[in-house]
Amino acid sequence: MNQLNKKTLQDIEVSGKKVLVRCDFNVPIEDGKITSDKRIVASLDTIKYLIENKAKVILCSHLGRPKGEVNPQFSMAPVAKKLTELLGQEVKLAEDVVGDSAKALAADLKEGEVMLLENVRFEKLETKNDPELSQKFASLAEVFINDAFGTAHRAQCSTAGVAAYLPSACGFLIQKEIEFMGGALANPKRPLVAILGGAKVSDKIGVITNLLDKVDTLIIGGGMAYTFMASLGYSIGTSICEEDRIEDAKKMMADAKAKGVKFLIPVDNIVATEYKADSEYKLVDSDNIPDGWMGLDIGPKSRELFQEAIKGSGTIIWNGPMGVSEWENFAGGTIAVATAVADSGAISIIGGGDSVAAVQKLGFADKMSHISTGGGASLEFLEGKDLPGISALNDK
Ligand code: AMP
């Protein structure tokens, strides 16, 4: 994997050039209004750098799932409007993706001007990584910059295919993802602690397998912990369990032991009678979950155990909540871990919707070194997989 050695914006000549930038403007929209502009704001550093360096900027992104059809519901118009506001200069929207309107606007662009293509997924072949469509994207510009980490694990025309026809580099957002996640995996400040949670073991087997060769400590919480408990022969009541992964869980724990990796699972749990926000609940040890009760959060002894491991770490990778953190009664474990990570002084890298939401809700975002902008992409990166949207870019 050579994803750590990619050209960045600063390694490529952009002055006076038409630069096509793949952004992640896949923002939530209700009644034609953007309800969170976080992703647009996150992309401003790259766009402003290009404006200041006299590039002719052609932005593009997908928005929702129009499935290859032109559908006004998924138009980039609200994004163009928001960009115009945020940049304080007009961002013209092409009426198509790579058609006459896009070509005409691109041909007219002056240095420091910015335009936006229509939703790349209005083109049927976008998600097929079709070479002809990739060439059409390339013909609009002289340089390609990918800054959409959230779709970097997909080989599509505007994320990967186009890079075959233009000099290319990553933007500041992808550069930061590579620096932090790549750095944590390749050359971490030790001890390196990974904390994995969330609902399913099956979603994270690849990540655990890859991390077992790299981490000093692996902490497992959330619903996935119960499959590990089951593999130790504990009765887990009605807790979420993937029967077909019990053998994998057993093997992962044995591998951890063989590799000298400290492997921590919850020692106590908040268990409930029903999967409900206001269910009756109580505290029990992990080897003592009664029939008819399900674990929905880690208990106080587990929080302390995990906090101790987090306290002494040099680098922390955290993905997935420790319990059903959407519900107040079962959010305590996730909050305890978020607090410990924020106070640790370690290099901290957070990914996954629910763990990121917990960190943001608690106001800890500024205390974390890096909050990943891509759920699926960050998991694939941690699995050690090649992300097509990154590998397609030019090496330094
Ligand atoms: P993921 O998308 O894999 O990161 O999983 C996040 C989901 O896992 C959240 O919706 C949580 O509610 C859920 N989750 C966490 N802990 C548990 C648990 N003990 N039982 C059931 N679901 C859980």
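Throughout, read-outs are computed from the coordinates displayed, never taken from laboratory work. This structure is a prediction, so every number in the text was calculated from the model and none was measured. Cβ placement follows ideal geometry from the backbone for every residue including glycine, while neighbour counts extend to all protein chains displayed.
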Of SER101, GLY222, GLY183, whose Cα points farthest to the positive end of the dipole of the chain (charges on the beta-carbon: +1 Lys, Arg; -1 Asp, Glu; origin at the Cα centre)?
GLY183
Using alpha carbons only, how many angstrom separate the centre of region 325-396 from the centre of region 142-180?
21
Degrees, to the nearest 10: 246-259 long Cα axis against longest axis of the chain
90
Anything over 32 Å Cα to Cα? Flag those among LYS38/LYS262; LYS33/LYS103; LYS81/LYS361; LYS92/LYS128; LYS81/LYS385, in the order listed.
LYS38/LYS262; LYS81/LYS385
Can you give the relative contact order of the chain as a percent, counting alpha carbon pairs under 8 Å and 6+ residues apart?
17
Mean residue ellipticity at 222 nm from the helices of the chain, using -39,500 (n - 2.57) per DSSP H segment of n ≥ 4 over the full residue count, to the nearest 500 deg cm²/dmol?
-9000 deg cm²/dmol
Based on Cβ point charges of +1 for Lys and Arg and -1 for Asp and Glu, what charge dipole magnitude is obtained for the chain about its Cα centre, in debye rounded to the nearest 20?
900
Going Cα to Cα from LYS189, which aspartates and glutamates come in below 18 Å? Please leave out same-chain ones fewer than 8 positions away.
GLU177, GLU179, ASP213, ASP216, GLU308, ASP343
As I understand it, the dipole of region 180-382 uses +1 on the Cβ of Lys and Arg and -1 on the Cβ of Asp and Glu, about the Cα centre. Which of GLY353, HIS370, ALA336 lies farthest toward its positive end?
HIS370
Please give the contour-minus-distance gain from ASP130 to ALA77: 0.36 nm per residue of separation, less the Cα-Cα distance, rounded to one decimal in nm.
16.5 nm
Taking every DSSP bridge whose two residues both lie in the chain, the antiparallel percent to the nearest 5 is 25
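What is region 134-268's relative contact order, in percent, from Cα pairs under 8 angstrom and six or more apart in sequence? Display every interim value, and only then the final one.
On the way: 170 pairs, mean separation 25.8, N = 135.
Worked out over region 134-268, it gives 19 percent.
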Considering only region 180-382, what is the antiparallel percent among its DSSP beta bridges, to the nearest 5?
30
